[in-house]
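In what follows, a single structure is set out as structure tokens and then discussed.
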Amino acid sequence: MLRQKAIADFKYLPTKLQCGYADKILFIDLDKYHIEEKHVSEEIKSTFIGGKGYGLKYLWDAVNENTKWNDSENEIVITTGPLSGLTQYPGAGRVIATTLSPLTEIPVDVNTGGYFGPYLKFSGWDGLEIRGKSEKDVIIFIDGNAGRVKIIDASLVKERDTHILAPYLIDKFSNDDNDKKNISVLSSGRGAEHSKIGTINFSSYDVKHNKIRQRQTGRGGMGTVLRDKHILAVVIKYTGINNSLNNPCDIHKINELAIKLHREIATLNEDKILKTCGTANYIGLMNDAELLPVKNMQYGSNPDAKNIDAGALYKKYQKQYSTDGCWFGCSIACKKVIDDFKLRTGPYAGRKVTIDGPDYEILASLGANCAVFNLEAILEMNFYCNTYGIDSVSYACVMAFLMECYERGIINDEFTGGHKLKFGNYRAMLSVLHEMADGRGLGIVAAIGIQGIKELLCEEYNEDIDFLNDIGLVQDGIEFGSYMSKESLAQQGSYGITNKSPQHDQCWMISMDKLKNSIPTVEAKAQALTIFPIFRTMFGIVGLCRLPWNNIIPLHLKNSPKHEGEIIKEHIEDYCLVYEAVTGSKMSLKEMMLASDRISTFQRLFNKRMGKGTRKFDMLPYRAMGPVTQSEYLSKQELYDAQIRNELGMSPDNFSLDKKIEILRDYRSKLYEELIDATYKIRGWDNNGVPAEEKIKSVGLGEEYLDYIKEK
């Protein structure tokens with residue numbers, strides 16, 4: 001245990017869960033160093049269910065329309081769903097983190113796995129709500145067995161980087177080596193202190209490999225908020241895990257449904273791909289379909305992609321490769337780590353470390369999108385992003401943007417501080433990453449994100465803002481995920497018509513649209529863009545992982561010609577049964593969809609309340625929709641000429657290259673607007689993208705929310 005004196009010490013009686021709920025939220029005010037428990041009302045519970053619903057609701061109540069991300073009233077809310085923590089059922093170790101994003105100033109939430117969420121829940125809390133700012137670095141410690149919460153002065157703790165800080169804290173708060181497995185740590189890193197793209201890491205001890213594992217929460221700058229509040233870490237400890245801690249209403253039914261899913265996971269080919277190499281398998285699929293982002297998403301494929309695909313990864317690192325589940329009972333085992341990787345740069349050069357992943361997004365963003373087809377370089381950048389607490393996808397997107405600006409002469413060596421930012425120069429990328437962690441050099445510029453860099457180049461260097469807007473893959477302030485949407489209208493909608501900016505976790509349409517061609521019309525795409533985000537919202541509400549849903553095909557449907565929407569229906573129905581078995585509340589598929597739609601609609605209203613959530617914020621940079629430059633057009637000239645000829649009835653031979661780019665842009669932009677109109681209509685939103693009064697009432701939100709749909 002750390003010897004530093006506790007600034008605040010709160011004792012409570014640990015609550016035994018009832019049907020998946022504790023019905024209590026742990027509230028901490030760092031302005032006053034005050035700790036208390038909040039009771040979750042029946043109204044909040046019935047309306048918002050848990051997880052993502054709770055996170056958004058408690059954040060909504062804490063802020064107002066003028067709150068900025070670094071204001072004291074902005075909160076970090078960590079919440080679990082009623083199914084979180086099940087040890088029998090695959091994918092139940094989930095937890096949701098919610099805050100106002102430094103990049104967007106609207107709510108951002110992330111759904112991640114690991115031990116933190118279940119430990120929080122079993123300690124007697126459905127959620128942790130943190131507001132205010134400490135005057136000095138603090139550690140929040142929750143001892144779930146003892147019923148004790150402390151705010152500890154951490155000003156003397158010098159460790160910052162996650163791969164050092166997490167083991168240090170796990171060692172300090174454990175009684176012995178055997179006790180380490182009972183501790184989970186939430187932290188960021190020193191990079192988050194100097195950037196808007198900071199991320200949070202969840203760390204825990206892997207007994208099998210005697211290693212500390214980390215999981216990045218992902219996007220939106222949540223780690224930046226954590227460090228702005230001077231939270232060094234949140235440490236939680238809980239001992240005595242068993243399969244009945246959720247105290248479910250019908251454990252026998254849960255066991256029956258769990259056995260069914262475990263059996264499918266063990267026998268189906270899709271899972272074996274995930275189990276062998278995780279989502280890295282998508283590199284080859286996307287490259288073959290010309291959907292892999294290459295060189296700031298100018299192109300969709302590259303012959304060197306074979307050097308960073310799943311086969312290359314597994315062949316080169318199979319002796320160091322480990323496969324783990326993120327929580328007890330998850331047999332899908334998608335979590336990949338590489339042990340004993342020797343670093344070559346930065347403050348830890350020469351050391352052997354453990355690296356989380358890499359998954360598809362890491363390989364596609366740090367790799368292909370920056371034209372880095374070197375696995376060792378990608379892994380090194382991945383490690384440093386994680387330990388510095390920097391969102392690796394945003395960082396990679398920023399670097400790809402800067403590289404294109406450098407190659408086009410928009411920025412030069414003077415601007416970059418001497419870094420030769422040509423595509424593929426991973427050494428320069430690593431140098432900038434280390435500068436970002438230290439708050440110096442070009443790292444300071446990269447740390448503000450693409451939106452900030454565009455404004456800087458326009459205001460200080462008089463660059464063409466229209467061109468920068470075209471090639472800067474950012475929307476509402478957050479950089480794009482790593483699927484090349486240029487040739488997929490549905491994926492454009494997935495990125496654009498979203499509640500939390502261009503992230504594929506809310507809606508992923510590229511497979512259905514381009515690999516399976518199962519949604520050929522605008523109307524079909526709009527229907528999918530309505531249904532699938534609601535499906536995905538459900539996972540964040542109840543506390544489940546979505547991978548079994550869209551990767552494990554039921555045996556009797558494996559060779560069925562039925563489309564994907566019908567295939568996943570069986571799993572959703574099983575989720576309804578699991579929900580009923582845990583909570584005792586019967587919920588049909590229709591009712592579950594309604595509950596998810598309620599939370600999705602609420603989040604849209606939250607965005608509207610904060611000044612966004614309307615049509616203009618659903619627009620995309622044109623590169624996400626079509627070719628901006630001549631080289632892009634020429635790389636797929638046959639396809640683009642055919643579109644002009646067949647869909648517009650014009651002869652491309654009659655036009656110059658620039659004119660063809662202009663014609664195609666006008667056509668594709670109108671097509672995207674048509675998709676927006678169709679989707680808004682199905683979702684029950686008005687032409688400006690705001691939920692209509694009838695929609696708000698139909699999903700069960702009260703009249704108090706109607707004021708937020710009005711124009712001000």
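Give me Lys695, Lys616 ranked fewest to most by other Cβ atoms within 10 Å of their Cβ, as a rough exposure proxy. Don't skip to the answer; put the middle values down first.
Working: Lys695 19, Lys616 8.
Ordered from fewest to most neighbouring Cβ atoms within 10 Å, Lys695, Lys616 come out as Lys616, Lys695.
Residues whose amide H falls under 5 Å from that of Gly481, counting only those 5 or more places apart or on a different chain, are His504, with hydrogens built in the peptide plane. Computed from phi, the 3J(HN,Hα) profile of region 18-27 under the Karplus parametrisation 6.51, -1.76, 1.60 (θ = phi - 60°) reads 10, 6, x, 10, 9, 6, 9, 10, 7, 10 Hz, with x in place of Gly and Pro. Overall, region 489-709 carries a charge dipole of about 300 debye about its Cα centre when +1 sits on the Cβ of Lys and Arg and -1 on the Cβ of Asp and Glu, all other atoms neutral.
Proximity of backbone amide H atoms, modeled 1.01 Å from N, is registered between Val353 and Asp340, Phe341, Lys342, Leu343 at under 5 Å, excluding neighbours fewer than 5 places apart on the same chain. From its DSSP helices (H runs of at least four residues, each -39,500 (n - 2.57)), the chain gives a residue-normalised ellipticity at 222 nm of -12000 deg cm²/dmol. Counting only aspartates and glutamates at least 8 places from Lys11 when in the same chain, those with an alpha carbon closer than 14 Å to its own are Glu36, Glu37, Asp143.
With the Cα gyration tensor of the chain giving a ≥ b ≥ c as the square roots of its eigenvalues, does the rule (a/c under 1.5 for rounded; else a/b larger than b/c for prolate; else oblate) give rounded, prolate or oblate? Rounded, since a/c falls under 1.5.
Hey, got the dipole for region 268-479? About the Cα centre, +1 on K and R Cβ, -1 on D and E Cβ, debye to the nearest 20?
Working: 19 positive and 30 negative charges, 259 e Å.
Once rounded to the nearest 20, the dipole reads 1240 debye.
The order of Ser511, Ser41, going from fewest to most other C-beta atoms within 10 Å of their C-beta, is Ser41, Ser511. A 32 angstrom limit on the alpha carbon distance is what I want to check against. Which of Lys180/Lys352; Lys590/Lys670; Lys158/Lys500; Lys335/Lys514 exceed it? With Cα atoms farther than 32 Å apart: Lys590/Lys670; Lys158/Lys500. Working note: Karplus 6.51/-1.76/1.60 with θ = phi - 60° gives region 184-193 the couplings 10, 10, 9, 7, 10, x, 5, x, 5, 6 Hz, where Gly and Pro are set to x.
Which whole DSSP H helices in the chain pass both tests: a Cα extent of 27 Å or more along the axis and a mean Kyte-Doolittle value no lower than 0.0? Membrane-span-like by this rule: 522-542. Listed by chain and number, the aspartates and glutamates whose alpha-carbon sits under 12 Å from that of Lys133, ignoring those within fewer than 8 places in the same chain, are Asp29, Asp31, Asp71, Glu73, Glu75, Asp228.
Each of Lys133 and Gln527 was given a label point 7 Å from its Cα along the Cα-to-Cβ line. The distance between the two points is 5.1 nm. Taking amide hydrogens as placed 1.01 Å from N in the peptide plane, the amide H of Glu75 sits under 5 Å from those of Leu100, each at least 5 positions away in sequence or on another chain.
State whether region 437-529 is rounded, prolate or oblate according to the following rule on the C-alpha gyration tensor (a ≥ b ≥ c being the square roots of its eigenvalues): a/c under 1.5 gives rounded; otherwise a/b larger than b/c gives prolate, and the remaining case gives oblate. Prolate shape, in that a/c is at least 1.5 and a/b is the bigger ratio.
If you take every residue apart from Gly124 with its C-beta less than 15 Å away from the C-beta of Gly124, what net charge results, scoring Lys and Arg +1 and Asp and Glu -1?
Around Gly124, the charge tally is +1.
Summing +1 for each Lys or Arg and -1 for each Asp or Glu among the other residues whose beta-carbon sits under 13 angstrom from that of Leu186 gives +4. For Glu693 and Lys342, the FRET efficiency from 1/(1 + (r/R0)^6), where r spans their Cβ atoms and R0 equals 45 Å, is about 0.15.
Quick note: the coordinates plus some simple rules give every number you see, no bench work behind them. Since the structure is predicted, the reported quantities are computational estimates derived from the model, not experimental observations. Counting neighbours? That spans all protein chains shown, and the Cβs are built from the backbone with ideal geometry, glycine included.
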